[in-house]
1. In Å, what Kirkwood hydrodynamic radius results for the chain from the alpha-carbon pair distances?
2. Would you please put 81-90, 189-198, 269-278 in order of how densely packed they are, using the mean number of other Cβ atoms within 10 angstrom per residue and starting with the highest?
3. If I build a Gaussian network model for the chain, linking alpha-carbon pairs within less than 10 angstrom, which residue out of GLU183, GLU92, GLU33 has the largest mean-square fluctuation?
4. Taking a ≥ b ≥ c as the square roots of the Cα gyration tensor eigenvalues, with a/c under 1.5 meaning rounded and otherwise prolate when a/b beats b/c, else oblate, which class fits region 1-118?
5. What pairs in LYS81/LYS158; LYS174/LYS247; LYS28/LYS112; LYS57/LYS90; LYS170/LYS274; LYS12/LYS112 have C-alpha atoms more than 21 Å from each other?
6. Give me the one-decimal Kirkwood hydrodynamic radius in Å for region 154-289, with the sum taken over alpha-carbon pairs.
7. Quick one: Debye curve from the alpha-carbon atoms of region 83-158 only, equal weights, vacuum; give me log10 I(q)/I(0) at q = 0.21, 0.22, 0.23 Å⁻¹ to two decimals.
Amino acid sequence: MGLNLEQIPRVKTISKADFITHYFKPQKPVVIERFIEDWPAYSKWNLDYMKEIAGHKTVPLYDDRPVDYKDGFNEAHATMKMSDYVDLLKREPTKFRIFLWNILKEVPELQKDFSYPDFGLRLMKGLPMLFFGGKDSYTFMHYDIDLANIFHFHFEGKKQCILFDQNQNKHLYKIPHSLITREDINFADPDFDKWPALKNAKGWICDLNHGEVLYMPEGYWHYMRYITPGFSMSLRAIARNPKNLMKALYNVFIMRNYDNVMRRLQGQKWIDRKNQKAITNTNRYLGSD
């Protein structure tokens, strides 16, 4: 038995009105299959092109090691030239990923290859971010600090996406004062004997292919696994739900700073305490549904 996951709806294309009515207002995810075929990026963007245009850049790399109290916020685990990193991706499986790589800052010419689509939401035009990964690399289950609406465009190969909304928090072994679940949960093949509450969680799943875009509503948890080497670009729009906007402000200005202070004061004890609390909090709800 696996997780209780529903396939994310798929459409070929969609109008702004239909997107707002059927997906944004009810806050449901959707995969749009043929939305960017007129972008130069659709035919140009692959790993070889990234190596050609950004091969000289030194890129920050992250893997799946557990959070350490000494790590700074989003502190890289390694660095490498983009050309060497692309060679690594194509040569063998690797846990190393790139995330939150700002196109405008790092390779401004890439912005000529795409446009900002009109979904009826105001996209943050200063924050087009790229994410790269090797075969079988994955992100921890997490949600974004600003609880934004996210449009996730995938290029080259295939990646698997598992989503949960914020109503599922009590089933997911969420770490307090953070944006992640327990890092030792394998969401691709969860151990229900060890993590029984996951049986109660209801979520969504899809495989994203080259040129497809996934809409992730505000605050959705997401786990991404690269089935083949590839990369994606996220465009985001600020949370419109006042409750989510307040949560985002709390996360940025209070929660993150509080967590950093406690790491400095208590070190690994703070991390261990939060990990244990994730189990205690979740077990409290087991059998209550």
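1. Values: mean 1/r = 0.0504 Å⁻¹.
Computed over Cα pairs of the chain, the Kirkwood hydrodynamic radius comes out at 19.8 Å.
2. Details: 81-90: 19.0, 189-198: 14.5, 269-278: 16.1.
So the order, starting with the most tightly packed, is 81-90, 269-278, 189-198.
3. Per the Cα network of the chain with a 10 Å cutoff, GLU92 tops the list.
4. Details: a/c = 2.04, a/b = 1.35, b/c = 1.51.
Here region 1-118 falls in the oblate category.
5. Details: LYS81/LYS158 24 Å; LYS174/LYS247 15 Å; LYS28/LYS112 30 Å; LYS57/LYS90 18 Å; LYS170/LYS274 15 Å; LYS12/LYS112 24 Å.
From the list (LYS81/LYS158; LYS174/LYS247; LYS28/LYS112; LYS57/LYS90; LYS170/LYS274; LYS12/LYS112), the Cα-Cα distance tops 21 Å for LYS81/LYS158; LYS28/LYS112; LYS12/LYS112.
6. Values: mean 1/r = 0.0596 Å⁻¹.
When all Cα pairs of region 154-289 are included, the Kirkwood radius is 16.8 Å.
7. -1.18, -1.25, -1.30
Each value in this text was obtained by applying a stated rule to the coordinates, not by laboratory testing. Everything numeric here is computed off the predicted structure, so don't read it as measured data. Here the Cβ is made from the backbone with ideal geometry for all residues, glycine too, and neighbour counts use every protein chain on show.
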